[in-house]
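Below: the structure, in structure tokens.
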Amino acid sequence: MSEKNGNNASNSLRLKTGLAEMLKGGVIMDVTDARQAEIAERAGATAVMALERVPAQIRAEGGVARMASPRMIQKIMDTVNIPVMAKCRIGHFAEAQVLEALGVDYIDESEVLTPADELHHVDKHAFKVPFVCGARDLGEALRRIAEGAAMIRTKGEAGTGDVVHAVKHMRQIVKDMRQLTVMGEEELYAQAKELRAPYELVRMVAKTGKLPVPNFSAGGIATPADAALMRQLGAEAVFVGSGIFMGDKSRCEECSNGEHRYDRGCALAQPEVAEARAKAIVRATTHFDDPKVLLETSREVSGAMKGLAVAGLPDADMLQKRGW
Amino acid sequence: MVETSPTIGVLAIQGDYDAHARRLEESGARAVLVRKPEQLDSLDGIVIPGGESSTMLKFLERDGFLEKLTEFVRVKPSFGTCAGAILLAKNVENPAQKSLAAIDMTVKRNAYGRQIDSHIHEVTSKLSGGPLEMVFIRAPKISATGAGVDVLAEDGDEPVLVRQGKTMAATFHPELSEDKRVHEEFVRMVREHL
């Protein structure tokens, strides 16, 4: 079909950002099996992110975090009708090739997994499947867009349930963009160097005041009010990772073989609790500017993941520092 | 005759509602983002955007929104793209789900496959001004249409732009193209119905 599709670079980017457009105003949820994916879809998620362990589990268990097993991702793709995303390691273009061949709808080149390259990110123009990448400031966002990312999300600090750095990164990106809009033409060249980003993209942002691709938020969103906060700060949609399915323990104590003993030290929230949280966050994301609905959604949830305060994390444990 | 600016709502539960609002404003309408059923009372027409039809349905199934919107599209002009076309169809397959049943057609969700099968190409239509660029993203397929449905464009032998009375549906995304003809056509339909 490629001839009649007009398979050029600009059409390719429009199709990639086009799917991100369809996800705006919605919630993309991390899921680790088909059962969680069903819960997410039932709760109104616009997409799911298939991964082996949610960030909170990766933090607790340690080890090298890699792309999820294609068998598991396939099961999730077979289970839900909404788009399915999956993560590859930073710079691991072979994992990305595997995910593209599998047919996932979006790839997240993610700092949550252990990086595979300390210098280079994946050349995302080389793929037909769209990519989302994390960013902490405008320079990082534009470097990823230059490499072909079709969606940007704040990095925040994944797996903590602490929204503080999602807020920090969103505010930083918005502030960086606002600064560009009041700069003179000649200042933009110097600012491009300062941002370590291509001049053409810097100039584009200076003109429009926004990123050339959709701008979503991730990294520590755990409650309906967190989701509404990020939307009010400018996020066009939110990713919720550990916040939906995690309980108040960081690892299972008496659970095995996928049988979870919710009454005795389980890391996961009970499915009914997770579903109620997921529904409430979906509703809060749409009605982000309506405090009455936010109150209702906040009442609908019982508790949130225990979480980790980011301020107490040692530098070496900060996932957001991964990415160059 | 002075042309009036009709007020057209864009269902803004989630999806590419901003892109639609922009095109409607460029086509001479006043666009309003709609998130609550009571907002329907002040509108001359409505657009249901692309996005995830299953997510939109979750919201419509609360607070009598679905009933109110079903009644609205029965009496006022409506236009749906992709997920919006699914919601306006009489029958939905893959899987079956509730809808507003405003157009006598059957729509199959995700009929072209996954994102990797999304595509852009030009198709001849009944709108004047030459072929239309069409952006298909995880698009549904119209698998059957009733006798009262006017097919405005076909891709191969599949209908991709259809109209029945005051309701129009596209399986592609005119809101993601620079060409404004489809939105202008809908604004014209709304004006005619004022």
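The values are calculated or read from the model by the stated rules, or taken from the named source; none is laboratory data. Because the structure is a prediction, the values reported are computed rather than measured. Glycine also receives a Cβ, built like all others from the backbone with ideal geometry; neighbour counts cover every protein chain displayed.
Quick notes on this one:
- Matching residues, the range B:18-36, being within 14 Å of chain A (Cβ to nearest Cβ) and free of Cβ contacts under 8 Å to residues at least 60 places away in the same chain: B:D18, B:A21, B:L33, B:V34, B:R35, B:K36
- Among the residues making up the range A:91-139, those that are in contact with an Asp or Glu (Cβ under 6 Å, 6 or more places away or on another chain) and either of a type outside the set (D, E, K, R) or within 13 Å of another protein chain (Cβ to nearest Cβ) (or both) are A:G91, A:H121, A:V122, A:F127, A:V129, A:F131, A:V132, A:C133, A:G134, A:L138.
- Restricting the range A:305-317 to residues that are in contact (Cβ under 8 Å) with a residue 40 or more places away in the chain and surrounded by fewer than 19 Cβ atoms within 10 Å (Cβ to Cβ) leaves a set whose member that is nearest to the other protein chains (Cβ to nearest Cβ) is A:K306.
- Hits in the range A:31-69 (condition: surrounded by fewer than 18 Cβ atoms within 10 Å (Cβ to Cβ) and within 14 Å of chain B (Cβ to nearest Cβ)): A:E38, A:R42
- Among the residues of the range B:31-46, those identified as touching a helix residue (DSSP H, G or I) at 6+ places or on another chain (Cβ under 6 Å) and part of a helix (DSSP H, G or I) are B:P37, B:L40.
- Taking the criterion of being within 9 Å of another protein chain (Cβ to nearest Cβ) and touching a His at 6+ places or on another chain (Cβ under 7 Å), the residues of the range B:37-64 that qualify are B:P49, B:G50.
- Every pair of residues 6+ apart whose Cβ atoms lie under 6 Å, when the first sits in the range A:147-158 and is without any contact (Cβ under 8 Å) to a residue 40 or more places away in the chain while the second is in a loop (DSSP other than H, G, I, E, B): A:E147/A:H121
- Within the option set A:G25, A:G6, being modelled with pLDDT of 95 or more and assigned to a loop (DSSP other than H, G, I, E, B) holds for one residue only, A:G25.
- Residue list for the range B:96-116, filter: touching a strand residue (DSSP E or B) at 6+ places or on another chain (Cβ under 6 Å), among the hydrophobic types (A, V, I, L, M, F, W, C) and either in a strand (DSSP E or B) or crowded, with 19+ Cβ neighbours inside 10 Å (or both): B:A102, B:I103, B:M105, B:V107
- Residues of the range A:193-236 that are of a type in the set (S, T, N, Q), under 23 Å from A:K16 (Cα atoms) and not in a helix (DSSP H, G or I): A:N215, A:S217.
- Matching residues in the range A:278-299 - criterion: being farther than 17 Å from A:L229 by Cβ and surrounded by 14 or more Cβ atoms within 10 Å (Cβ to Cβ): A:A278, A:K279
- Test: residue in the range A:16-23 that is buried (at least 19 other Cβ atoms within 10 Å of the Cβ), under 30 Å from B:T124 (Cβ atoms) and free of Cβ contacts under 8 Å to residues at least 12 places away in the same chain: yes
- A single member of A:A316, A:A304 is farther than 30 Å from A:R42 by Cβ, modelled with pLDDT under 90 and either not basic (K, R) or not in a helix (DSSP H, G or I) (or both), and it is A:A316.
- So A:T223, is it of a type in the set (S, T, Y), under 21 Å from A:A158 (Cβ atoms) and within 14 Å of chain B (Cβ to nearest Cβ): no
- Of the residues B:G15, B:G9, B:G80, the single one that is buried (at least 24 other Cβ atoms within 10 Å of the Cβ), under 13 Å from the mean Cα position of the chain (by Cα) and within 13 Å of chain A (Cβ to nearest Cβ) is B:G15.
- Total residues in the range B:98-121 satisfying the condition of being more than 17 Å from the chain's Cα centre (by Cα) and farther than 21 Å from A:E100 by Cα: the figure is 1.
- Positions within the range B:47-87 being farther than 19 Å from A:I82 by Cα and part of a helix (DSSP H, G or I), in sequence order: B:F65, B:L66, B:E67, B:K68, B:L69, B:T70, B:E71, B:F72, B:V73, B:R74, B:V75
- Scan of the range B:94-127 for residues that are touching a residue at least 24 places away in the same chain (Cβ under 8 Å), more than 11 Å from chain A (Cβ to nearest Cβ) and of a type outside the set (K, R), ordered by number: B:L100, B:A101, B:A102, B:I103, B:D104, B:M105, B:T106, B:V107, B:A111, B:T124, B:S125, B:L127
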